[in-house]
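One structure below.
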Amino acid sequence: MAANPSSSQSFTQPDGLTTNHAKPNGIKLTDEQVRRFICDGVVLLQSSLPPEVHQDIYDKLHWSSQHEFNMGNNVLPRVAELQQVLDDPVVHGGVQSVLGDDYIFHPHRFMHVAEPLAEAERDLSLVGDEHGPPMGEGSSANSAWHQDGQIPKGRTRWHLPRIAMILYFPQDTPMERGPTRVIPGTHMQPFVQKDDHAFAFVGDHIKAGTCFLIHFDIAHAALSNRTDSTRYMLKFIYLRRSHPRAPSWDGGEVAWQPPETRLGRYDHSRAWSHVWDWMRGAPRVDTPTTADDIQKWMGSLNVVDQAARLDAIYGLAGVGADAIGPLMESLLGNAGQDRHFARPYHKNVAGAFVPIDDINDRRFSDHAFVPQDEAYALGAMGEVAVPALLELLKHDDTWMKLNAIYALGEVGPPAACAVPELAKLLDHELHQVARVSLDAMAFIGTNIRAALPAIRKLLTVDNPTWRETDPKRWSGQIQARFNALCALLNSDIPVDELDDLLVTCLDDESAYVHAMALEALTQGRDGEDRPGLRHALDYLMTHRWDHMLANGKRVF
């Protein structure tokens, strides 16, 4: 059933979960759980680890937080017991179910801290849907409703489950302690609307060991901590590696049907059905449609009404060839407007990054890139749209190129013929074009050898024009190299042919590039003694943290 907008929703954690024995590669989600994930963008998983493990993790996080500093990407080697949570069959199997058995662990992770409010402020009355309620001094958690941007620099907001996050709570977290909140169904929206806030989903008692498996783009926020004890939440990001050819969960044998219950404010049946079929590797089938239907849907693209725009995108995708002409004409109407320049943002009083211009105006952004709805529809349409997209790739307008590139990536393996053309764009003067092209190659996944010389150059030759940095010292070159390694990881090139290139990447300036190179070096080795694997192990031995020490003293 749909969410009730009259007040924020809550759930009561079950006392226990009934599960089957762990399968070799994790306890997979059921059809009902996957349907809930597709609709709501969130599924709750309860780790099967004993309570003392979570207490031990909490104690070590708390000591580190109080005596050192927020370890950011180093939180895992700093408190190595966290790996037990990530390897738990329930958690591991949940991520496999959504992203495939061969998912990749993203190198960005973070500890979100909600410190207690000052005692005089704790009488605050909250229902859970508030935007930017006060946080205790020293908190790193953001209580303003927001959708995350990707790290190091922005990538696309994909409707398909290409990226997901695990949010882990090491302590019991009643509402008074400030649990993370989400707004179900917002993961397919280009922005969060004020009207969405009333549909917030907030836990009234989250047990230690609970993990939220969420779509990367879902709107979420922290909540004020009105207790005496610090609340921690650990964020881990995962990437899909391969195009689905069969369901990766326990089920997926039947056509789409809605879950028994759902929490979002809208019914996006056409979109959900498309995602379900894509995740289970089912072929797309054209839907009989009238000219009036096409005209109606064309008028609903890129509008603020999220129900109308998503119905239009996936209605037009289902039409097939007859919708390509109208979609291309509409898309070309956005040329010549400099939409490839990044959207300007400012940080408001609640701590959220808010666009300075029209929030629904489609343009490139280094926070997150939202294509035109026409590109979403053409990409979802599949192979039949490839010739038109290849022609659009030649357009002089950079925004047209970016939308064509994005859509070719969404087509997936049937767009393999586009890889040589995408490879030519890796030397483009704008790193944004190269970055989106590399993502498209990663999702196409085949014929990537045609782009290997260009990828090798990108990974080994410095490009000064791509090295402008933001305040966090992240450059376009770093993100381009990260995306390049994603393309190689997802490709049909045997990994042992890439050893020399991957070893070279270990000398890159960015730890994100190191991490992806290491991921590639250790893929598909089956314990074989290869030079690249030896280099990777040597690197890890050198950079390994001793989690028993801090400032030279043994603390645990």
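The values are calculated or read from the model by the stated rules, or taken from the named source; none is laboratory data. Only a predicted model underlies this, so the values are computations on that prediction, with no experimental measurement involved. Cβ: placed from backbone, ideal geometry, glycine included. Neighbour counts: every protein chain shown. Keep in mind that these areas ignore ligands, DNA and RNA; they rest on the heavy atoms of the full protein, side chains included. Shrake-Rupley method; radii C 1.70, N 1.55, O 1.52, S 1.80 Å.
Some observations on this one:
- Computed in the context of the full set of protein chains, the accessible area of the chain at 1.4 Å probe radius has 52% of its extent on carbon or sulfur.
- Separation of alpha-carbon centers, the range 360-376 and the range 502-525, rounded to whole Å: 30 Å
- Solvent-free Debye scattering, log10 I(q)/I(0), computed from the Cα coordinates of the chain at q = 0.07 Å⁻¹: -0.39
- DSSP bridge orientation in the chain - percent antiparallel, rounded to nearest 5: 90 percent
- Sorted on the mean count of surrounding Cβ atoms within 10 Å across their residues, most packed first, peptides 494-504, 141-151 read 141-151, 494-504.
- q = 0.28 Å⁻¹: log10 I(q)/I(0) that the Debye formula gives for the range 52-120, counting C-alpha atoms only: -1.28
- Global form of the range 339-488, assessed from the alpha-carbon gyration tensor, a/c cut-off 1.5: oblate
- Near Gln257, once Lys and Arg are set to +1 and Asp and Glu to -1 for all other residues with Cβ below 15 Å from its Cβ, the sum equals -1.
- The residues of the chain expose on average 40 square angstrom of accessible surface per residue, using a 1.4 Å probe on protein heavy atoms.
- Rel. contact order, % - alpha carbon contacts under 8 angstrom, at least six apart, the chain: 15 percent
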